[in-house]
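Remarks on the structure that follows.
The values are calculated or read from the model by the stated rules, or taken from the named source; none is laboratory data. Everything quoted here is computed from the prediction, not taken from an experiment.
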Amino acid sequence: MGRLSDLTNTIDLDGNWDNILLLIDELDTSFHPEWKRRVIKFLNNFFSKIYLKNNIQKTTNKKIQIIITSHSPFIASDLPKNNILCLKLGKTVEKNKINTFGANIFDLYKETFFVDSTFGEFATEKIKKAVSLLTPTIDKDKKNKLYHISEDDEKKIRYIIDSIGEKLIKNKLERMWEDYLNNEKEKNNDIIKRLMNQYDLSNKDLKKFLEGENQ
């Protein structure tokens, strides 16, 4: 907050000015997230005190305009969208599609700060891989679901699902995992039925065979 406290030395608090244009580049650099969340309120209170101290009315010509650059969604969430100009690679882009004031910071990351995902790239890649593996292809002839998952893949998928903290994604993957397990169970049951019919095995014979395999 040292940079903000320096404002008291920069601005004439006695009101001997007509207009002030204050430029602050990367206002919240090195700030703790909690201070990023509070900084706009701090600035608002700071300049409100200047107006009150000098009995400056809003109807006078004395104005203070502040231009801030920032990469923080906390800053954007304290400002209406008409007060925000988005830059991408140094060029102005179309106005915000969402109302930034009071907006969810994850929405702001995606819509205002052009972030492709609110997850880290490594986690995104692993989650997409799990989704891809758990998305079956359909056998057009037999209309069966086909998965291409190895035993090693199963372990990796299970580890990824157990590690995910975002509940919506975790629950979706859990459902896909259950579909996969149910499909494998049905496939195994079909194989067993086919073998029983082929070799004319009873359930008792099959049980003996399986017990022998497991010994």
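What the table below lists for this structure:
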read-out	value
Residue within region 23-39 that is modelled with pLDDT of 85 or more and either on the phi > 0 side of the Ramachandran plot or of a type in the set (Gly, Ala, Ser) (or both) present	yes
Qualifying residue in region 80-98 (condition: over 20 Å from the mean Cα position of the chain (by Cα), modelled with pLDDT of 75 or more and within 29 Å of LEU168 (Cα to Cα))	yes
Residue in region 155-173 that is part of a helix (DSSP H, G or I), among the acidic types (Asp, Glu) and modelled with pLDDT of 90 or more present	yes
